[in-house]
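Below is one structure; the comments refer to it alone.
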Amino acid sequence: MAGKKKHKKAGKKARKAAKKARKAAKTAKKTVKKAAKKTAVTRKSARRAKKARQQPESLRLRSAGPSFTVSDVHKSLAFYRDVLGFTPRQRWEENGQLQGVELVAGSVVFWLGQDDWKKGRDRVKGLGFRMYCATSQDIDALAARVRAGGGTIVEEPKDESWGGRVFGVRDPDGFTITFASRM
């Protein structure tokens, strides 16, 4: 009997020691994680300090997109979709009439809105405005697509001194869009 008690006691001691070892390992793991996190935060703070922002802080944009007020939203939609290759994403209607459309091409968004004519029907659109769009696509092939679709090329494809190739197109309202790619 005495041997059994000793054996039970030894087993109990071993289990306690194993439990204590697991607890110590868990505590050590937490300490290591905390230290790593603190180091990462310190490194991040150091990077931020190195890259101190200009004061007052300058504007930082993540994207931009034009909104064109157009004379005939259906005609403009057909041009941007069928001639240039934009994809309509959202439409706005009022009393069953199309008032606007959101168009996407890659990660770029354009908006078209029907003119309400409150500023007069003789208002000139597109004068003094040019939108530049960068693409990795073949500029000559895009120009050919526009030409084949009946679009107006206002600047034939050409190489630029900065290393790009560009061409310009005019939409139905006179807005000029220049497409450019690096060579």
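The values are calculated or read from the model by the stated rules, or taken from the named source; none is laboratory data. Computed from a predicted structure; not experimentally measured. All Cβ positions, even for glycine, are placed from backbone atoms using ideal geometry, and neighbour counts span all protein chains on display.
Can you pull out every residue in the stretch 131-156 that is over 23 Å from the mean Cα position of the chain (by Cα), touching a residue at least 12 places away in the same chain (Cβ under 8 Å) and under 25 Å from LYS75 (Cβ atoms)?
Here is the first cut: in the stretch 131-156, the residues over 23 Å from the mean Cα position of the chain (by Cα) are 140-141, 143-156.
After this cut, where a residue has to be touching a residue at least 12 places away in the same chain (Cβ under 8 Å) as well, the list is 140, 143, 145-146, 149-156.
Of everything in the stretch 131-156, those that are over 23 Å from the mean Cα position of the chain (by Cα), touching a residue at least 12 places away in the same chain (Cβ under 8 Å) and under 25 Å from LYS75 (Cβ atoms) turn out to be ALA143, ARG145, VAL146, GLY149, GLY150, GLY151, THR152, ILE153, VAL154, GLU155, GLU156.
In the stretch 130-183, which residues are of a type in the set (Phe, Trp, Tyr) and touching a Gly at 6+ places or on another chain (Cβ under 7 Å)?
Residues of the stretch 130-183 of a type in the set (Phe, Trp, Tyr): 132, 162, 167, 175, 179.
Once the filter is applied, which keeps residues that are of a type in the set (Phe, Trp, Tyr) and touching a Gly at 6+ places or on another chain (Cβ under 7 Å), the stretch 130-183 yields only PHE175.
Quick one: which of GLY65, GLY85 is modelled with pLDDT of 90 or more, touching a helix residue (DSSP H, G or I) at 6+ places or on another chain (Cβ under 8 Å) and among the small types (Gly, Ala, Ser)? Give the steps one after another, and end with the answer.
Values: GLY65 fails: touching a helix residue (DSSP H, G or I) at 6+ places or on another chain (Cβ under 8 Å).
None of the other options fit; the residue is GLY85.
For residues that are within 22 Å of the chain's Cα centre (by Cα) and surrounded by fewer than 17 Cβ atoms within 10 Å (Cβ to Cβ), tally how many sit in the stretch 112-130.
Restricting attention to the stretch 112-130, the residues satisfying the condition of being within 22 Å of the chain's Cα centre (by Cα) are 112, 130.
Filter once more, keeping what is surrounded by fewer than 17 Cβ atoms within 10 Å (Cβ to Cβ): 130.
The total comes to 1.
Checking ALA180 against (1) in contact (Cβ under 8 Å) with a residue 24 or more places away in the chain; (2) surrounded by 12 or more Cβ atoms within 10 Å (Cβ to Cβ); (3) of a type outside the set (Lys, Arg); (4) more than 21 Å from ALA64 (Cβ to Cβ), which single condition isn't satisfied?
Result: ALA180 passes all but (4).
Restricting to strands (runs of 3 or more DSSP E) lying wholly in the stretch 72-183: which have 1 or more residues that are of a type in the set (Ser, Thr, Tyr) and farther than 24 Å from LEU61 by Cα?
Working: elements: 87-94, 97-105, 108-114, 130-134, 152-159, 164-170, 176-182.
Ranges flagged: 152-159.
Would you check if ARG165 is in the same structural domain as GLY96 (by TED's automatic domain parsing), touching a residue at least 12 places away in the same chain (Cβ under 8 Å) and over 30 Å from GLU94 (Cα atoms)?
Working: in the same structural domain as GLY96 (by TED's automatic domain parsing): yes; touching a residue at least 12 places away in the same chain (Cβ under 8 Å): yes; over 30 Å from GLU94 (Cα atoms): yes.
Yes; evaluated as a whole, the condition is true for this residue.
Are any residues in the stretch 68-87 loosely packed, with under 14 Cβ neighbours inside 10 Å and either in contact with a Leu (Cβ under 7 Å, 6 or more places away or on another chain) or not assigned by TED's automatic domain parsing to the domain that holds ALA144 (or both), and if so, which ones?
HIS74, THR87
Modelled with pLDDT of 70 or more, over 30 Å from VAL146 (Cβ atoms) and outside any loop (DSSP other than H, G, I, E, B), is that true of LYS37?
Values: modelled with pLDDT of 70 or more: yes; over 30 Å from VAL146 (Cβ atoms): yes; outside any loop (DSSP other than H, G, I, E, B): yes.
Against the criterion (modelled with pLDDT of 70 or more, over 30 Å from VAL146 (Cβ atoms) and outside any loop (DSSP other than H, G, I, E, B)), LYS37 qualifies.
If I ask for residues that are under 14 Å from LEU77 (Cβ atoms) and in contact with a Phe, Trp or Tyr (Cβ under 6 Å, 6 or more places away or on another chain), which ones from the stretch 92-130 would you list?
Within the stretch 92-130, GLN99, GLY100, GLU102, LEU103, ALA105, LEU112 qualify.
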